[in-house]
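Scroll down for the structure; my scribbles are underneath it.
FYI, it's all coordinate maths here, none of it is from the lab. None of the values given here were measured: they were computed from a predicted structure. Here the Cβ is made from the backbone with ideal geometry for all residues, glycine too, and neighbour counts use every protein chain on show.
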Amino acid sequence: MPHDKVRVELGRRSYNIEIGEQLLDKAVFYKTEHRKVLIVADANTAPLYMSKVTAGLTASGATVHSFVIEPGEQHKTFATVEKICCAAVKAGLDRRSLMVALGGGVTGDLTGFAAAVYMRGIGFIQVPTSLLAMVDSSVGGKTGADLPEGKNLVGAFHQPEQVIIDIGTLDTLPPEELRNGTAEVIKYGVIMDSELFAQLETVNCRISREIIARCCGLKARIVAEDETEGGIRAILNYGHTFGHAVELLSNFQLSHGCAIAVGMAMAGQLAVAAGLWDESDNKRQQRLLETAGLPVRVSGFKPADIWAAMGRDKKKSVNKLTLVVPVAIGKVELHNDLDKTMILEVIGSCCD
Ligand code: ADP
Ligand code: ZN
């Protein structure tokens, strides 16, 4: 079976991302001999993949325990982190033990957070099963939970010991979740990889192992350069300042992928209006988003409300709103001097 390996270079905390097919029940987990492991999955991924991952970890020499959490963003709370930690105590996990996150981004963020704080920090392994988690949240060490006041307001940087991606798990992923992840894949093309963008055009956004490995490689490069988001990592927020605003205004009825697709459409439109980007490239982005079944417009919101909600994004810089805007397919810039009236007009042009 073909198999890709991507290295995340972080000195002593470097790790590999293994990407292949039918990996989960194999002895692909290393440095797990004689360690206790708690696999955390949600109620959707547990019945599908828990027994496979249990077999893989057992074959790798670990003693395996499991814990199932409730699925969905509404359970991405401190309370769930506490439940995971209590399950770890019950299973007898010590400072040498491991947690394994088996599922989408929610499971990954929560389990990583639990691993970051359990006994002041133990190791963990990411086994992402959603496209979004494979290409985005499982790589880079961001973990966390939501507060009633907002998403991802608490968390920790805690790098995994390895990431195991079995692309076969995408077969059971609901189509709308696949679309969600495709928005982030397209994002990588626009911000830093024109070849990937062209490849997505050629295959009409059909996701393959090769494409996933390429995205992981891009994210690994950015994370290695800027582990804690002081600089270059900010380009990953392309489409996210506009996107988070519409996501928030929709009360999260709009999925993350759909919201950032609209966000990328707005950022692209803004780049054209500011004279930074060719209209033809903007059209290419728009077409590719549409090919993936993603929206490029929203309805039911007032542009001024979107603008106001943009200010509440926790990722904004201290006083000025910094936006990531494309200047070519495969290249973006950060701008904090774009005119408010122009931004409002652009938002309006993407609203029905
Ligand atoms: P994210 O989009 O950040 O990955 P979630 O962790 O909430 O967010 O995952 C999205 C949904 O897809 C959840 O309901 C989760 O249980 C489900 N899911 C994740 N991976 C799979 C899979 N391989 N097969 C079926 N359902 C899955
Ligand atoms: Zn995102």
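Things worth noting here:
- Under 20 Å from the Cα of residue 151 - lysines, other chains or at least 8 residues apart: 76, 83, 142, 314, 315, 316
- Length-normalised contact order of the chain in % [C-alpha pairs under 8 Å, at least 6 apart]: 15
- Other residues with beta-carbon under 14 Å from the beta-carbon of residue 141 carry, at +1 per Lys or Arg and -1 per Asp or Glu, a net charge of -3.
- Segment 19-58, relative contact order [Cα under 8 Å, separation at least 6], %: 68
- Total formal charge among the other residues, if their Cβ is under 12 angstrom from that of residue 26, Lys/Arg +1 and Asp/Glu -1: -3
- DSSP-defined antiparallel bridges as percent of all bridges, the chain, nearest 5: 40
- Net lengthening on full extension, residue 22/residue 117 (0.36 nm per residue, minus Cα-Cα): 31.0 nm
- Point-charge dipole on Cβ atoms (K/R +1, D/E -1) for the chain, about Cα centre, debye to 20: 920
- Spatially proximal lysines relative to residue 26 (Cα-Cα < 18 Å; intrachain offsets below 8 disregarded): 5, 36, 52
- A straight line joining the Cα centroids of segment 1-69 and segment 249-266 runs 32 Å.
- If R0 is 35 Å, the Cβ-Cβ spacing of residue 176 and residue 94 corresponds to a FRET efficiency of close to 0.30.
- Global geometry of segment 212-352, whether rounded, prolate or oblate, following the gyration tensor of its Cα atoms and the 1.5 cut on a/c: rounded
- Percentage relative contact order, segment 168-274, counting C-alpha pairs under 8 Å, at least six apart: 27
- Computed across segment 10-94, the Kirkwood hydrodynamic radius from all distinct Cα-Cα pairs reaches 14.2 Å.
- Take the chain and mark each of the GluC sites (Glu not before Pro) that is in a DSSP loop with at most 12 other Cβ atoms within 10 Å; the longest unmarked stretch, sites excluded, is 150-352.
- Each helix, a run of at least 4 DSSP H residues, gives -39500 (n - 2.57); summed and divided by the residues of the chain, these come to -13000 deg cm²/dmol at 222 nm.
- Cα-based Kirkwood hydrodynamic radius, the chain, one decimal, Å: 20.5
- Segment 123-187 shape via C-alpha gyration tensor axes, a/c threshold 1.5: oblate
- Proximal aspartates and glutamates to residue 302, defined as alpha-carbon separation beneath 16 angstrom and excluding residues fewer than eight positions away on the same chain: 247, 345, 352
- The order of 208, 255, going from fewest to most other C-beta atoms within 10 Å of their C-beta, is 208, 255.
- Ordering 282, 309, 338 by the projection of their Cα atoms onto the charge dipole of segment 254-352, which places +1 on the Cβ of Lys and Arg and -1 on the Cβ of Asp and Glu, puts 309 at the extreme positive end.
- Globularity index of segment 4-172, i.e. its alpha-carbon radius of gyration over 2.2 N^0.38 Å: 0.92
- For residue 69, distant residues with modelled amide H under 5 Å away: 41, 42, 43
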